[in-house]
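Enquirer: Below you'll find the structure I mean.
The values are calculated or read from the model by the stated rules, or taken from the named source; none is laboratory data. Since this is a predicted model, take the numbers as computed values, not measurements. Neighbour counts run over all protein chains shown; Cβ positions are idealised from the backbone, glycine included.
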Amino acid sequence: MSSAASRDRRRIVERLGAASRVLLVLHVRPDGDSIGSTLAMAAALRALGKATEVVAPDPIPPNLAFVPGAGAVVDAGATRGSFDTALFLDCASLDRIGGATADLERAGPILNVDHHSSNQRYGEINYVEPQAAACGEVTYDLIRALGVALDVEMAVGLYVAIVTDTGSFRYQSVTARTHRIAAQLLGLGVRPAEVAERIWDNRSLASLRLEAAALRTLEREGELAWMDVTPQMLAESGAAAYETEGLVNLPRSLEGVEVAVLFSDEGRGEVRVSLRSTARVDVSTVAVSLGGGGHARAAGCTLGMSLAAAHAAVLTAVRAAMR
Ligand code: AMP
Ligand code: MN
Ligand code: MN
(Lines give C-alpha, C1' and ligand atoms only; values in the text may rest on other atoms or scores of the structure.)
(Ligands and ions follow the chains in the order given, each with its own letter.)
Protein backbone atom coordinates (compact mmCIF):
# COMPACT_ATOMS: atom_id res chain seq x y z
CA MET A 1 0.00 0.00 0.00
CA SER A 2 1.29 3.49 -0.84
CA SER A 3 1.99 5.88 2.04
CA ALA A 4 -0.73 8.20 0.72
CA ALA A 5 -3.24 5.34 0.85
CA SER A 6 -2.21 4.37 4.37
CA ARG A 7 -2.58 7.99 5.48
CA ASP A 8 -6.03 8.16 3.85
CA ARG A 9 -7.06 4.92 5.55
CA ARG A 10 -5.94 6.30 8.94
CA ARG A 11 -8.01 9.41 8.35
CA ILE A 12 -11.07 7.34 7.40
CA VAL A 13 -10.65 5.19 10.52
CA GLU A 14 -10.50 8.32 12.69
CA ARG A 15 -13.56 9.83 11.06
CA LEU A 16 -15.59 6.63 11.32
CA GLY A 17 -14.50 6.25 14.94
CA ALA A 18 -16.00 9.67 15.70
CA ALA A 19 -19.19 9.10 13.67
CA SER A 20 -22.44 8.03 15.27
CA ARG A 21 -24.96 7.86 12.38
CA VAL A 22 -23.61 6.64 9.06
CA LEU A 23 -25.43 6.57 5.71
CA LEU A 24 -23.98 3.97 3.31
CA VAL A 25 -24.86 4.25 -0.37
CA LEU A 26 -24.85 1.51 -3.03
CA HIS A 27 -24.08 2.41 -6.64
CA VAL A 28 -26.62 2.32 -9.50
CA ARG A 29 -27.42 -1.24 -10.64
CA PRO A 30 -25.63 -2.55 -7.58
CA ASP A 31 -23.31 -5.51 -8.20
CA GLY A 32 -21.82 -8.06 -5.81
CA ASP A 33 -18.90 -5.81 -4.89
CA SER A 34 -21.10 -2.82 -4.06
CA ILE A 35 -23.59 -4.90 -2.07
CA GLY A 36 -21.10 -7.21 -0.35
CA SER A 37 -18.61 -4.51 0.62
CA THR A 38 -21.28 -2.08 1.81
CA LEU A 39 -23.28 -4.60 3.87
CA ALA A 40 -20.12 -5.96 5.51
CA MET A 41 -19.02 -2.42 6.34
CA ALA A 42 -22.44 -1.52 7.74
CA ALA A 43 -22.32 -4.59 10.01
CA ALA A 44 -18.81 -3.64 11.18
CA LEU A 45 -19.97 -0.11 12.02
CA ARG A 46 -22.92 -1.52 13.99
CA ALA A 47 -20.48 -3.74 15.88
CA LEU A 48 -18.80 -0.49 16.93
CA GLY A 49 -22.14 0.83 18.22
CA LYS A 50 -22.91 3.15 15.30
CA ALA A 51 -26.36 3.53 13.77
CA THR A 52 -26.32 2.74 10.04
CA GLU A 53 -28.68 2.88 7.13
CA VAL A 54 -27.97 1.49 3.63
CA VAL A 55 -29.69 3.09 0.65
CA ALA A 56 -29.90 1.64 -2.89
CA PRO A 57 -30.56 3.76 -6.00
CA ASP A 58 -31.69 0.59 -7.85
CA PRO A 59 -33.12 -2.69 -6.52
CA ILE A 60 -30.86 -5.46 -5.28
CA PRO A 61 -30.88 -8.27 -7.89
CA PRO A 62 -32.67 -11.37 -6.51
CA ASN A 63 -29.53 -13.53 -6.79
CA LEU A 64 -27.73 -11.20 -4.33
CA ALA A 65 -30.59 -10.84 -1.84
CA PHE A 66 -29.02 -13.61 0.31
CA VAL A 67 -26.12 -11.36 1.36
CA PRO A 68 -26.61 -10.76 5.11
CA GLY A 69 -28.21 -7.37 5.72
CA ALA A 70 -29.74 -7.06 2.23
CA GLY A 71 -33.25 -7.19 3.67
CA ALA A 72 -32.72 -3.92 5.54
CA VAL A 73 -31.57 -1.91 2.51
CA VAL A 74 -33.98 0.93 1.67
CA ASP A 75 -34.88 2.53 -1.67
CA ALA A 76 -33.53 5.92 -2.67
CA GLY A 77 -35.47 8.67 -0.94
CA ALA A 78 -36.67 6.37 1.84
CA THR A 79 -34.03 7.01 4.52
CA ARG A 80 -35.27 8.65 7.71
CA GLY A 81 -33.56 11.16 9.96
CA SER A 82 -30.12 12.57 9.40
CA PHE A 83 -26.56 11.26 9.36
CA ASP A 84 -23.24 12.77 10.44
CA THR A 85 -21.29 10.79 7.82
CA ALA A 86 -21.89 9.40 4.33
CA LEU A 87 -19.81 6.41 3.26
CA PHE A 88 -19.48 5.30 -0.37
CA LEU A 89 -17.81 2.02 -1.32
CA ASP A 90 -17.07 0.84 -4.90
CA CYS A 91 -18.34 4.15 -6.29
CA ALA A 92 -16.04 5.80 -8.84
CA SER A 93 -17.96 9.06 -9.21
CA LEU A 94 -20.77 10.95 -7.50
CA ASP A 95 -23.20 10.40 -10.38
CA ARG A 96 -22.99 6.62 -9.73
CA ILE A 97 -25.36 6.99 -6.74
CA GLY A 98 -28.31 7.98 -8.96
CA GLY A 99 -31.48 8.86 -7.05
CA ALA A 100 -29.83 8.50 -3.63
CA THR A 101 -28.67 12.12 -3.96
CA ALA A 102 -31.81 13.21 -2.06
CA ASP A 103 -30.86 11.06 0.97
CA LEU A 104 -27.40 12.61 0.92
CA GLU A 105 -28.83 16.03 1.67
CA ARG A 106 -29.43 14.90 5.26
CA ALA A 107 -25.90 13.48 5.66
CA GLY A 108 -22.53 14.87 6.66
CA PRO A 109 -19.33 14.81 4.61
CA ILE A 110 -18.65 11.97 2.17
CA LEU A 111 -15.99 9.34 2.82
CA ASN A 112 -14.96 7.65 -0.45
CA VAL A 113 -13.55 4.09 -0.26
CA ASP A 114 -12.90 2.49 -3.64
CA HIS A 115 -10.69 0.58 -6.08
CA HIS A 116 -11.53 2.20 -9.46
CA SER A 117 -8.55 3.77 -11.23
CA SER A 118 -11.06 6.27 -12.68
CA ASN A 119 -12.19 7.35 -9.15
CA GLN A 120 -12.90 11.07 -9.18
CA ARG A 121 -11.91 11.68 -5.53
CA TYR A 122 -15.20 13.42 -4.77
CA GLY A 123 -15.07 12.75 -1.01
CA GLU A 124 -13.80 14.76 1.91
CA ILE A 125 -11.44 11.83 2.42
CA ASN A 126 -10.62 9.46 -0.46
CA TYR A 127 -9.15 6.02 0.26
CA VAL A 128 -8.62 4.46 -3.18
CA GLU A 129 -6.59 1.30 -3.86
CA PRO A 130 -6.60 0.85 -7.67
CA GLN A 131 -4.59 -2.38 -7.46
CA ALA A 132 -7.26 -4.10 -5.32
CA ALA A 133 -9.20 -6.69 -7.31
CA ALA A 134 -12.44 -5.72 -5.54
CA CYS A 135 -13.56 -3.02 -3.18
CA GLY A 136 -14.13 -6.02 -0.89
CA GLU A 137 -10.34 -6.24 -0.39
CA VAL A 138 -10.16 -2.57 0.59
CA THR A 139 -13.16 -3.04 2.90
CA TYR A 140 -11.53 -6.06 4.53
CA ASP A 141 -8.47 -3.92 5.34
CA LEU A 142 -10.65 -1.09 6.62
CA ILE A 143 -12.71 -3.34 8.91
CA ARG A 144 -9.50 -4.81 10.35
CA ALA A 145 -8.05 -1.30 10.79
CA LEU A 146 -11.21 -0.33 12.71
CA GLY A 147 -10.41 -3.16 15.13
CA VAL A 148 -13.65 -5.03 14.45
CA ALA A 149 -13.61 -8.83 14.74
CA LEU A 150 -15.04 -10.22 11.48
CA ASP A 151 -18.01 -12.55 11.87
CA VAL A 152 -19.40 -15.01 9.36
CA GLU A 153 -22.03 -12.56 8.07
CA MET A 154 -19.46 -9.87 7.29
CA ALA A 155 -17.26 -12.60 5.78
CA VAL A 156 -20.02 -13.67 3.39
CA GLY A 157 -20.43 -10.05 2.20
CA LEU A 158 -16.70 -9.63 1.63
CA TYR A 159 -16.42 -12.99 -0.12
CA VAL A 160 -19.35 -12.14 -2.43
CA ALA A 161 -17.65 -8.81 -3.24
CA ILE A 162 -14.37 -10.51 -4.13
CA VAL A 163 -15.70 -13.57 -5.97
CA THR A 164 -17.98 -11.45 -8.20
CA ASP A 165 -15.52 -8.67 -9.09
CA THR A 166 -12.76 -11.17 -9.90
CA GLY A 167 -14.95 -13.40 -12.11
CA SER A 168 -14.39 -16.18 -9.57
CA PHE A 169 -10.67 -15.43 -9.12
CA ARG A 170 -9.96 -15.43 -12.86
CA TYR A 171 -9.03 -11.85 -13.78
CA GLN A 172 -5.63 -10.18 -14.13
CA SER A 173 -6.35 -8.15 -10.99
CA VAL A 174 -6.19 -11.29 -8.80
CA THR A 175 -3.14 -11.56 -6.54
CA ALA A 176 -1.84 -13.90 -3.86
CA ARG A 177 -3.30 -11.41 -1.39
CA THR A 178 -6.77 -11.79 -2.96
CA HIS A 179 -6.54 -15.51 -2.24
CA ARG A 180 -5.14 -14.99 1.27
CA ILE A 181 -8.09 -12.74 2.15
CA ALA A 182 -10.51 -15.27 0.64
CA ALA A 183 -8.84 -18.01 2.72
CA GLN A 184 -9.40 -15.96 5.88
CA LEU A 185 -13.06 -15.56 4.92
CA LEU A 186 -13.47 -19.31 4.38
CA GLY A 187 -11.89 -19.80 7.80
CA LEU A 188 -14.70 -17.69 9.26
CA GLY A 189 -17.30 -20.07 7.81
CA VAL A 190 -18.03 -18.92 4.26
CA ARG A 191 -19.10 -21.86 2.06
CA PRO A 192 -17.90 -21.06 -1.47
CA ALA A 193 -19.98 -23.68 -3.30
CA GLU A 194 -23.15 -22.40 -1.63
CA VAL A 195 -22.31 -18.79 -2.50
CA ALA A 196 -21.55 -19.68 -6.15
CA GLU A 197 -24.73 -21.71 -6.47
CA ARG A 198 -26.85 -18.83 -5.17
CA ILE A 199 -25.21 -16.23 -7.42
CA TRP A 200 -24.78 -18.13 -10.69
CA ASP A 201 -26.90 -21.27 -10.66
CA ASN A 202 -30.29 -19.75 -9.98
CA ARG A 203 -30.96 -18.22 -13.39
CA SER A 204 -34.43 -17.72 -14.77
CA LEU A 205 -35.48 -19.42 -17.98
CA ALA A 206 -36.05 -15.91 -19.37
CA SER A 207 -32.41 -14.99 -18.78
CA LEU A 208 -31.18 -18.05 -20.68
CA ARG A 209 -33.56 -17.19 -23.54
CA LEU A 210 -32.20 -13.63 -23.54
CA GLU A 211 -28.66 -15.03 -23.73
CA ALA A 212 -29.62 -17.16 -26.74
CA ALA A 213 -31.15 -14.14 -28.53
CA ALA A 214 -28.17 -11.90 -27.75
CA LEU A 215 -25.73 -14.55 -29.01
CA ARG A 216 -27.40 -14.38 -32.42
CA THR A 217 -26.11 -10.78 -32.73
CA LEU A 218 -22.49 -11.73 -31.95
CA GLU A 219 -20.03 -10.09 -34.31
CA ARG A 220 -16.29 -10.46 -34.53
CA GLU A 221 -13.61 -8.32 -36.12
CA GLY A 222 -10.17 -9.74 -35.35
CA GLU A 223 -9.48 -9.34 -31.63
CA LEU A 224 -12.71 -7.38 -31.10
CA ALA A 225 -16.14 -8.96 -30.51
CA TRP A 226 -19.49 -7.44 -29.59
CA MET A 227 -23.09 -8.32 -28.91
CA ASP A 228 -26.41 -6.50 -28.50
CA VAL A 229 -29.40 -6.62 -26.24
CA THR A 230 -32.48 -4.88 -27.68
CA PRO A 231 -35.82 -3.92 -26.15
CA GLN A 232 -37.43 -6.56 -28.38
CA MET A 233 -35.19 -9.31 -26.95
CA LEU A 234 -36.06 -8.24 -23.42
CA ALA A 235 -39.78 -8.24 -24.24
CA GLU A 236 -39.74 -11.59 -26.07
CA SER A 237 -37.64 -13.41 -23.49
CA GLY A 238 -39.37 -11.81 -20.53
CA ALA A 239 -35.97 -11.15 -18.93
CA ALA A 240 -35.46 -8.22 -16.58
CA ALA A 241 -32.83 -5.58 -17.35
CA TYR A 242 -30.57 -6.76 -14.49
CA GLU A 243 -30.34 -10.13 -16.26
CA THR A 244 -28.00 -8.60 -18.86
CA GLU A 245 -25.32 -8.70 -16.12
CA GLY A 246 -22.54 -11.04 -17.16
CA LEU A 247 -23.55 -11.37 -20.84
CA VAL A 248 -20.39 -9.50 -21.89
CA ASN A 249 -18.43 -12.55 -20.73
CA LEU A 250 -19.69 -14.48 -23.78
CA PRO A 251 -17.88 -12.41 -26.46
CA ARG A 252 -14.96 -12.12 -24.02
CA SER A 253 -14.64 -15.91 -23.90
CA LEU A 254 -14.18 -16.25 -27.67
CA GLU A 255 -10.69 -17.50 -28.56
CA GLY A 256 -8.30 -14.76 -29.63
CA VAL A 257 -10.54 -11.92 -28.43
CA GLU A 258 -8.87 -9.05 -26.56
CA VAL A 259 -11.79 -6.61 -26.28
CA ALA A 260 -15.46 -7.52 -25.80
CA VAL A 261 -18.38 -5.11 -25.80
CA LEU A 262 -22.02 -5.54 -24.82
CA PHE A 263 -24.48 -2.92 -26.05
CA SER A 264 -27.63 -3.00 -23.99
CA ASP A 265 -30.61 -0.98 -25.19
CA GLU A 266 -33.37 -1.32 -22.62
CA GLY A 267 -35.76 0.97 -24.49
CA ARG A 268 -35.16 4.04 -22.34
CA GLY A 269 -33.47 6.16 -25.00
CA GLU A 270 -29.99 5.20 -23.84
CA VAL A 271 -27.53 2.38 -24.40
CA ARG A 272 -25.54 0.86 -21.56
CA VAL A 273 -22.14 -0.23 -22.76
CA SER A 274 -20.02 -2.85 -20.97
CA LEU A 275 -16.38 -3.15 -22.00
CA ARG A 276 -13.98 -5.96 -21.13
CA SER A 277 -10.40 -6.72 -22.14
CA THR A 278 -8.33 -9.77 -21.43
CA ALA A 279 -4.69 -8.71 -21.25
CA ARG A 280 -3.52 -5.59 -23.03
CA VAL A 281 -6.03 -2.85 -23.90
CA ASP A 282 -7.03 -0.29 -21.25
CA VAL A 283 -10.81 -0.12 -21.72
CA SER A 284 -11.27 2.34 -18.85
CA THR A 285 -9.62 5.02 -21.02
CA VAL A 286 -12.18 4.30 -23.75
CA ALA A 287 -15.05 4.42 -21.22
CA VAL A 288 -13.81 7.67 -19.66
CA SER A 289 -13.54 9.28 -23.12
CA LEU A 290 -17.25 8.45 -23.59
CA GLY A 291 -18.30 9.83 -20.19
CA GLY A 292 -18.11 6.57 -18.21
CA GLY A 293 -15.47 4.91 -16.05
CA GLY A 294 -14.13 1.67 -14.63
CA HIS A 295 -10.95 -0.37 -14.60
CA ALA A 296 -8.35 -1.30 -17.23
CA ARG A 297 -10.01 -4.71 -17.81
CA ALA A 298 -13.68 -3.86 -17.04
CA ALA A 299 -15.34 -0.55 -17.72
CA GLY A 300 -18.58 0.94 -18.94
CA CYS A 301 -20.53 3.98 -19.99
CA THR A 302 -24.09 5.00 -20.73
CA LEU A 303 -24.80 6.77 -24.02
CA GLY A 304 -27.95 8.76 -24.76
CA MET A 305 -28.19 7.65 -28.40
CA SER A 306 -29.52 4.89 -30.65
CA LEU A 307 -27.97 1.45 -30.77
CA ALA A 308 -26.54 2.16 -34.24
CA ALA A 309 -24.97 5.43 -33.09
CA ALA A 310 -23.57 3.72 -29.96
CA HIS A 311 -21.99 1.02 -32.17
CA ALA A 312 -20.31 3.69 -34.27
CA ALA A 313 -19.06 5.74 -31.31
CA VAL A 314 -17.79 2.86 -29.18
CA LEU A 315 -16.33 0.62 -31.87
CA THR A 316 -14.40 3.56 -33.37
CA ALA A 317 -12.94 4.41 -29.95
CA VAL A 318 -12.11 0.77 -29.21
CA ARG A 319 -10.41 0.23 -32.58
CA ALA A 320 -8.26 3.31 -31.93
CA ALA A 321 -7.31 2.03 -28.47
CA MET A 322 -6.39 -1.38 -29.90
CA ARG A 323 -3.94 0.04 -32.41
P1 AMP B 1 -20.29 -3.35 -15.98
O2 AMP B 1 -19.88 -3.55 -17.39
O3 AMP B 1 -21.62 -2.67 -15.84
O4 AMP B 1 -20.17 -4.60 -15.16
O5 AMP B 1 -19.26 -2.32 -15.36
C6 AMP B 1 -17.88 -2.59 -15.38
C7 AMP B 1 -17.15 -1.50 -14.66
O8 AMP B 1 -17.34 -0.27 -15.35
C9 AMP B 1 -17.63 -1.27 -13.24
O10 AMP B 1 -16.49 -1.26 -12.43
C11 AMP B 1 -18.29 0.07 -13.24
O12 AMP B 1 -17.85 0.83 -12.15
C13 AMP B 1 -17.84 0.74 -14.50
N14 AMP B 1 -18.97 1.39 -15.17
C15 AMP B 1 -19.97 0.78 -15.82
N16 AMP B 1 -20.86 1.68 -16.31
C17 AMP B 1 -20.42 2.89 -15.96
C18 AMP B 1 -20.90 4.24 -16.16
N19 AMP B 1 -22.02 4.51 -16.85
N20 AMP B 1 -20.17 5.25 -15.63
C21 AMP B 1 -19.04 4.98 -14.95
N22 AMP B 1 -18.53 3.75 -14.73
C23 AMP B 1 -19.20 2.72 -15.22
MN1 MN C 1 -19.34 -2.27 -8.72
MN1 MN D 1 -15.76 -3.14 -7.72
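Enquirer: Quick one: would you say residue 17 is away from ligand 2 (no atom under 16 Å from the Cβ), part of a helix (DSSP H, G or I) and in contact (Cβ under 8 Å) with a residue 60 or more places away in the chain?
Expert: yes
Enquirer: Name every residue in region 276-290 that is closer than 12 Å to residue 92 by Cβ and touching a strand residue (DSSP E or B) at 6+ places or on another chain (Cβ under 6 Å), in order of residue number.
Expert: Those that are closer than 12 Å to residue 92 by Cβ and touching a strand residue (DSSP E or B) at 6+ places or on another chain (Cβ under 6 Å): 284, 287.
Enquirer: Which one is nearest to residue 234 (Cα to Cα), of the residues in region 176-202 that are in a loop (DSSP other than H, G, I, E, B) and without any contact (Cβ under 8 Å) to a residue 12 or more places away in the chain?
Expert: By that ranking, first place goes to 201.
Enquirer: Follow-up question, since we're still on this one. Looking for something of a type outside the set (S, T, N, Q), within 16 Å of ligand 3 (Cβ to nearest atom), buried (at least 18 other Cβ atoms within 10 Å of the Cβ) and not assigned by TED's automatic domain parsing to the domain that holds residue 120 - is there at least one such residue anywhere in region 309-322?
Expert: For region 309-322, residues of a type outside the set (S, T, N, Q), within 16 Å of ligand 3 (Cβ to nearest atom), buried (at least 18 other Cβ atoms within 10 Å of the Cβ) and not assigned by TED's automatic domain parsing to the domain that holds residue 120: absent.
Enquirer: Here is a check on your reading of the model: is residue 40 within 15 Å of ligand 1 (Cβ to nearest atom) and within 17 Å of the chain's Cα centre (by Cα)?
Expert: Considered against the rule, which asks whether it is within 15 Å of ligand 1 (Cβ to nearest atom) and within 17 Å of the chain's Cα centre (by Cα), residue 40 comes out as no.
Enquirer: Does any residue of region 251-271 turn out to be without any contact (Cβ under 8 Å) to a residue 24 or more places away in the chain and farther than 24 Å from residue 33 by Cβ?
Expert: Among the residues of region 251-271, at least one is without any contact (Cβ under 8 Å) to a residue 24 or more places away in the chain and farther than 24 Å from residue 33 by Cβ, which makes the answer yes.
Enquirer: Here's another thing I want to ask about it. Determine whether region 123-140 contains at least one residue that is in contact with a Gly (Cβ under 8 Å, 6 or more places away or on another chain) and of a type in the set (D, E, K, R).
Expert: Checked against the condition, which is being in contact with a Gly (Cβ under 8 Å, 6 or more places away or on another chain) and of a type in the set (D, E, K, R), region 123-140 yields no hits at all.
Enquirer: Can you name the strands (runs of 3 or more DSSP E) wholly within region 38-139 that have at least 3 residues being in contact (Cβ under 8 Å) with a residue 12 or more places away in the chain, touching a Leu at 6+ places or on another chain (Cβ under 9 Å) and not β-branched (Val, Ile, Thr)?
Expert: Correct list: 51-56, 85-89, 110-114.
Enquirer: Collect the residues in region 128-145 that are more than 15 Å from residue 180 (Cα to Cα), surrounded by 17 or more Cβ atoms within 10 Å (Cβ to Cβ) and away from ligand 3 (no atom under 14 Å from the Cβ), keeping them in residue-number order.
Expert: The answer is 142, 143.
Enquirer: Can residue 61 be described as within 16 Å of ligand 3 (Cβ to nearest atom) and in the same structural domain as residue 195 (by TED's automatic domain parsing)?
Expert: yes
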